[in-house]
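Here's the structure, in structure tokens; my notes come after.
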Amino acid sequence: MSARPLDPGIVVRRVRADEGPGLRTLRLEALHDPVASIAFLETVEQALARPDSEWAERAERNATAPDQVGFVAEADGELVGQLAVIVRRAGEPDYFGRLPERDEPTVVGVFVSPRVRGRGVIDALLGAAIAWARDAGHDVLTLDVHERNVVARASYERAGFVESGAFDGDDGREIAMRLRLDG
């Protein structure tokens, strides 16, 4: 992986259980961002309608669950980037209705605030996700990216992800990508 170095003023770490409000704020920023909003399977209205308890539960799960994780980037005490890794279960429909043949960790919910883009945040977040998946004993990490999200796709390719298929999503063509972790 030829990652960009992370700006020294930014820290990437696992989300904390009490950070539901920060995750909500960051998601709303993402949904208002015309470049990033294509990556999410919800609208601003849907995110606003979610109760605080749902955001708290999401933070708790991503902070403590053994089979999923959330990572955040923090600058000056403010969350400026995030991603999560969920394990799609074999034979269970995923968020696009696909049935994975085996359990696969999948990167979802990726967002980097425009305030810190180009400062190594996406590479550091992906690096944390890759390390977590490897440490959890997985040999592959997957993700999906909208075909129009060329900046994100370039970041994923820089991290070593390769195209493994394509399919029609809710808002157009999605590119499935995967990264081998055992080689």
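In this entry, residue 89 is excluded by the filter for residues that are among the charged types (D, E, K, R) and under 21 Å from residue 37 (Cβ atoms). Only one of the numbered conditions (1) in contact with a helix residue (DSSP H, G or I) (Cβ under 7 Å, 6 or more places away or on another chain); (2) surrounded by fewer than 15 Cβ atoms within 10 Å (Cβ to Cβ); (3) acidic (Asp, Glu) is violated by residue 67, and that is (1). Of the residues making up segment 147-159, those that are buried (at least 18 other Cβ atoms within 10 Å of the Cβ) and either hydrophobic (A, V, I, L, M, F, W, C) or touching a strand residue (DSSP E or B) at 6+ places or on another chain (Cβ under 8 Å) (or both) are 152, 153, 156, 159. Scan segment 120-136 for residues that are touching a strand residue (DSSP E or B) at 6+ places or on another chain (Cβ under 9 Å) and either at pLDDT below 95 or among the small types (Gly, Ala, Ser) (or both) and the total you get is 7. For segment 3-24, the set of residues classified as out of contact with any Asp or Glu (no Cβ under 9 Å at 6 or more places or on another chain) and surrounded by fewer than 19 Cβ atoms within 10 Å (Cβ to Cβ) consists of 7, 8, 14, 16, listed by residue number. In segment 107-132, the residues that are among the acidic types (Asp, Glu) form Cβ pairs under 6 Å with partners that are surrounded by fewer than 19 Cβ atoms within 10 Å (Cβ to Cβ) and not in a helix (DSSP H, G or I), at six or more places apart or across chains, as follows: 123/3; 123/4. Scanning segment 68-96 for residues that are assigned to a loop (DSSP other than H, G, I, E, B), among the charged types (D, E, K, R) and touching a residue at least 60 places away in the same chain (Cβ under 8 Å) yields one hit, 76.
The values are calculated or read from the model by the stated rules, or taken from the named source; none is laboratory data. This structure is a prediction, so every number in the text was calculated from the model and none was measured. Don't worry about glycine lacking a Cβ; one is built from the backbone with ideal geometry, like all the others, and counts go over all protein chains shown.
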